[in-house]
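Structure first, then comments.
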Amino acid sequence: MNLTRRETLALGLGATALALLPIRASAAADDQIAAFTGGADIGTGDITLTAPEIAENGNTVPVAVNAPGAAAIMLLATGNPNPAVGTFNFGPLAGSHSVSTRIRLAGTQDVLAIARMPDGSFIQASATVKVTIGGCGG
Amino acid sequence: MASGVKPRVKVPKSATAGETITIKTLISHKMESGQRKDGDGNVIPRSIINRFTCDFNGENVVDVTMEPAISTNPYFQFEATVPAAGEFTFTWYDDDGDVYTDSKSIAVN
């Protein structure tokens, strides 16, 4: 197989892009996800995670998550020493399946929200937050 | 951490039956994460509120499991359906076994 210079360059670029594409969650975050989903596949769907693009202070980062119809939503900060942030379980009187709160982020990282739907399927959304000052003390 | 904990809750005074209302809660608590160290390099032990629940007339609205990554003075905003007049009860569970409660009644017109 003879490759021209142009084709070789394109191949190299493509391979780099492939390697960077999947969001790499830490091993601890993977454990948390497995504990929540029981190893089930996570799809995409009607779930929105609202987080600031840049958070100056990692001690209080406002986040909001909305997943219509969800039974429970788990929040994960994949770059924290302990990636679990919290799990929101919605009862019969929940007006909407949305909640907002403030979380701590150790540094620039991806925040994940995974929702468990009543039929047992899982959907997720993620947002990258750039953190200027980390929120875990020193 | 049993001192200076003060729950604050904002619930509308009245609603129409079946209406969805927004509730805001805040409780003052330092939420020591267990990651920080004091001046001598010793780890400050974890002391957080690990669970928050909101119920209306005994029926659950939301039940939150909290981890150290929740900020100081945990704040939550969520929505609830009000089927009839009654009382919201809010409960926070501390790591040290303390339970903080607050309640707000709502009228239906």
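Is it true that B:Glu67 is facing another protein chain (nearest Cβ under 7 Å) and free of Cβ contacts under 8 Å to residues at least 40 places away in the same chain?
Working: facing another protein chain (nearest Cβ under 7 Å): yes; free of Cβ contacts under 8 Å to residues at least 40 places away in the same chain: yes.
It is true that B:Glu67 is facing another protein chain (nearest Cβ under 7 Å) and free of Cβ contacts under 8 Å to residues at least 40 places away in the same chain.
Could you please let me know if A:Ala67 is modelled with pLDDT of 90 or more and more than 23 Å from B:Thr89 (Cα to Cα)?
Working: modelled with pLDDT of 90 or more: yes; more than 23 Å from B:Thr89 (Cα to Cα): yes.
Yes.
Can you pull out the strands (runs of 3 or more DSSP E) entirely within the range A:22-138 that have at least 3 residues that are over 23 Å from B:Tyr75 (Cβ atoms) and either open to solvent by 10 Å² or more (accessible area, probe 1.4 Å) or away from every other protein chain (no Cβ under 14 Å) (or both)?
Values: elements: A:48-50, A:54-57, A:61-66, A:72-77, A:84-90, A:94-103, A:109-116, A:122-133.
Qualifying strands (runs of 3 or more DSSP E): A:122-133.
Does the range A:30-52 include one or more residues that are within 19 Å of A:Leu75 (Cα to Cα), in contact with a Ser or Thr (Cβ under 6 Å, 6 or more places away or on another chain) and at pLDDT 70 or above? Steps first, please.
Restricting attention to the range A:30-52, the residues satisfying the condition of being within 19 Å of A:Leu75 (Cα to Cα) are A:30-52.
Then drop every residue that is not in contact with a Ser or Thr (Cβ under 6 Å, 6 or more places away or on another chain), which leaves none.
No, that holds for no residue.
Condition first: of a type in the set (A, V, I, L, M) and closer than 15 Å to B:Lys24 by Cβ. Now tell me which residues in the range B:58-73 satisfy that. Walk me through it before giving the result.
Step one: list which residues in the range B:58-73 are of a type in the set (A, V, I, L, M), which gives B:61-62, B:64, B:66, B:69-70.
Selection gives B:Val61, B:Val62, B:Val64.
For B:Phe88, all conditions in the list (1) of a type in the set (A, V, I, L, M, F, W, C); (2) under 17 Å from A:Ser100 (Cα atoms); (3) more than 11 Å from the chain's Cα centre (by Cα) hold save one; what is the number of the exception?
Unmet for B:Phe88, out of (1) of a type in the set (A, V, I, L, M, F, W, C); (2) under 17 Å from A:Ser100 (Cα atoms); (3) more than 11 Å from the chain's Cα centre (by Cα): (2).
Which of the residues spanning the range B:29-71 are part of a loop (DSSP other than H, G, I, E, B) and open to solvent by 60 Å² or more (accessible area, probe 1.4 Å)?
Of all residues in the range B:29-71, those part of a loop (DSSP other than H, G, I, E, B) come to B:29-31, B:33-36, B:38-42, B:44-46, B:48, B:57-58, B:67-69, B:71.
Of everything in the range B:29-71, those that are part of a loop (DSSP other than H, G, I, E, B) and open to solvent by 60 Å² or more (accessible area, probe 1.4 Å) turn out to be B:Lys30, B:Gln35, B:Arg36, B:Asp38, B:Gly39, B:Asp40, B:Asn42, B:Pro45, B:Arg46, B:Asn57, B:Gly58.
Output the residue which, of all residues in the range A:1-29 that are more than 15 Å from A:Leu75 (Cα to Cα) and among the small types (Gly, Ala, Ser), is modelled with the highest pLDDT.
Our first condition is that a residue be more than 15 Å from A:Leu75 (Cα to Cα); within the range A:1-29, this holds for A:1-24, A:27.
With the extra rule that they be among the small types (Gly, Ala, Ser), the set shrinks to A:10, A:12, A:14-15, A:17, A:19, A:27.
Details: A:Ala10: 69, A:Gly12: 64, A:Gly14: 59, A:Ala15: 57, A:Ala17: 52, A:Ala19: 47, A:Ala27: 80.
Looking at the filtered set, the residue picked out is A:Ala27.
The values are calculated or read from the model by the stated rules, or taken from the named source; none is laboratory data. Just so it is clear, the model here is predicted, and its values are computed rather than measured. All Cβ positions, glycine included, derive from the backbone under ideal geometry; neighbour counts span all protein chains shown. Ligands, DNA and RNA are stripped out before the accessible areas are found, and what is left, the full protein with its side chains, is counted by its heavy atoms. Shrake-Rupley method; radii C 1.70, N 1.55, O 1.52, S 1.80 Å.
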